[in-house]
Amino acid sequence: MSIIRKDLGQRPPARLKSKLSVVQPGKAVPDIRLEVRSGGEFSLYSQAPDHMEPAMDRLAETAIERNIFQTPAFLLPALGERHSLLRVALMEDGDSDDHLTALMTFSVRGNGTHLLAHAIGDIGYHAPLISRHRPMATLDQLFEALAGSLVNLPGIAVFPHLLADGAFMRFARAVAAARGLAFRVTHARRRRALSGPINPAGAALTPGEREAWQANLAKWEALNARGKVSYHIARNPSETALMLDELSALTTTVAEDRSRFAALLPTAKKLGRNDQLRIHALYLAGEMIAAAIQPVTAGEAWIWQVFVRPDMEQEAVDEQLIMRLTEWNTRDANITVTRAAPGVGPYLAERFWPVEEGYATLMVAIRPGMERAIDALAREHRD
């Protein structure tokens, strides 16, 4: 018997047994709740299951791959939006009450052709949370539940922008292979990460990039001639709350910035209260001209959102801000790796980061016999 089969355990049932949801005051009612043969439960929510926040936080701490974008600070506000199409699939262990083993957010895309597993919007990292306890068995049951006829969802799940060497990518591919499900890995690309000291002199800049960097430095010198330029970091709840107020003023001019800031504010406030937020900012003559929002958890930092004052967009202040963030994070004992979230950048300053990582999109046909459909979807979404 193979190691994979031992981890997967018994084959999931061909069908799932319905289980009635009990309505309790103050608790969101799942769209559907099903019992799997292992004794665990699978449920789908389109409303924010606030009562499950502690269990979601616990799962985030014990997942095979940490992902702050799949924590309640991000998910609950997004699910609570009036016109949100986001849904969350949860797996609970039948051995204990309120113990989650899997959390996957998604929406149905392509006129019903596939599920797109994503965090919030297009900015963020999208790996679902899977418990370290028997992860392959959990993924096996999650795929089986999502594909069940009672759930009535498309038969292809797309997981975009995963770390190619990340735990979720490895386990999901192994489970698909073990179950004989078709899967495709597409949209492969490389991006740099900040882990360890930088060597500006040794950065592998192309001649064009070196020319652009020199132009940025010249703009920086010109900016310093216009007034005092300072760099500040908000690192605790009181500091982040004050800097969010300043950022609100910075984003009033441009409608897109106002919309982005309004969408991130509930999450940023919650992250700040949990001491999981850093805000890096540049000031000119005491007024904020650029800011980077950076969630941090378990030593992992993500550059999530960057804002620049409209009249400063041609002054490369975002590049200067990311370079100063780079220098700070290499000295911060609480941060071991810094990444820019998908949908952010890329910035020329990232070229000074010493580590290169692979990203890719994983497509899994969670129902058998969908090879042609998944190939068509892969061709349609080819870069």
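The values are calculated or read from the model by the stated rules, or taken from the named source; none is laboratory data. Remember, predicted model here, so these are calculated numbers, not experimental data. Don't worry about glycine lacking a Cβ; one is built from the backbone with ideal geometry, like all the others, and counts go over all protein chains shown. With ligands, DNA and RNA removed, areas are computed over all heavy atoms of the protein, side chains included. Shrake-Rupley method; radii C 1.70, N 1.55, O 1.52, S 1.80 Å.
On inspection, Ala262 qualifies as open to solvent by 20 Å² or more (accessible area, probe 1.4 Å) and not acidic (Asp, Glu).
One residue alone among Ala290, Ala268 is part of a strand (DSSP E or B), more than 30 Å from His114 (Cβ to Cβ) and either open to solvent by less than 20 Å² (accessible area, probe 1.4 Å) or at pLDDT 95 or above (or both), and that residue is Ala290.
Do we find that Asn236 is in contact (Cβ under 8 Å) with a residue 12 or more places away in the chain, open to solvent by less than 70 Å² (accessible area, probe 1.4 Å), more than 26 Å from Ala360 (Cβ to Cβ) and under 28 Å from the mean Cα position of the chain (by Cα) in this structure? Here the answer is yes, as Asn236 does meet what is asked. From the list Val108, Val88, the one residue that fits, being modelled with pLDDT of 90 or more, assigned to a strand (DSSP E or B) and either open to solvent by 30 Å² or more (accessible area, probe 1.4 Å) or of a type in the set (D, E, K, R) (or both), is Val108. Exactly one residue among Ala172, Ala177 is open to solvent by 50 Å² or more (accessible area, probe 1.4 Å), assigned to a helix (DSSP H, G or I), in contact with a Phe, Trp or Tyr (Cβ under 9 Å, 6 or more places away or on another chain) and not polar (S, T, N, Q), and that residue is Ala177. Restricting the search to region 328-344, which residues are in contact (Cβ under 8 Å) with a residue 40 or more places away in the chain and farther than 23 Å from Gly124 by Cβ? Within region 328-344, just Thr330 meets the criteria.
Here Ala119 passes the criteria (1) of a type in the set (A, V, I, L, M, F, W, C); (2) at pLDDT below 95; (3) open to solvent by 10 Å² or more (accessible area, probe 1.4 Å) except the one numbered (3).
For region 312-325, the criterion of being assigned to a strand (DSSP E or B), out of contact with any Cys (no Cβ under 7 Å at 6 or more places or on another chain) and under 29 Å from Arg189 (Cα atoms) is satisfied by no residue at all. Of all residues in region 350-383, those satisfying the criterion of being in contact (Cβ under 8 Å) with a residue 24 or more places away in the chain and within 16 Å of Gly180 (Cα to Cα) are Leu362, Met363, Val364, Ala365, Ile366, Arg367, Pro368, Met370, Glu371, Ala373, Ile374, Asp375.
Among the residues of region 326-347, write down those that are more than 29 Å from Ala255 (Cα to Cα), open to solvent by 20 Å² or more (accessible area, probe 1.4 Å) and part of a loop (DSSP other than H, G, I, E, B). Hits for region 326-347 are Asp332, Ala333, Asn334, Thr336. Within region 180-191, the set of residues being in contact with a Lys or Arg (Cβ under 7 Å, 6 or more places away or on another chain) and buried (at least 18 other Cβ atoms within 10 Å of the Cβ) comprises Phe183 only.
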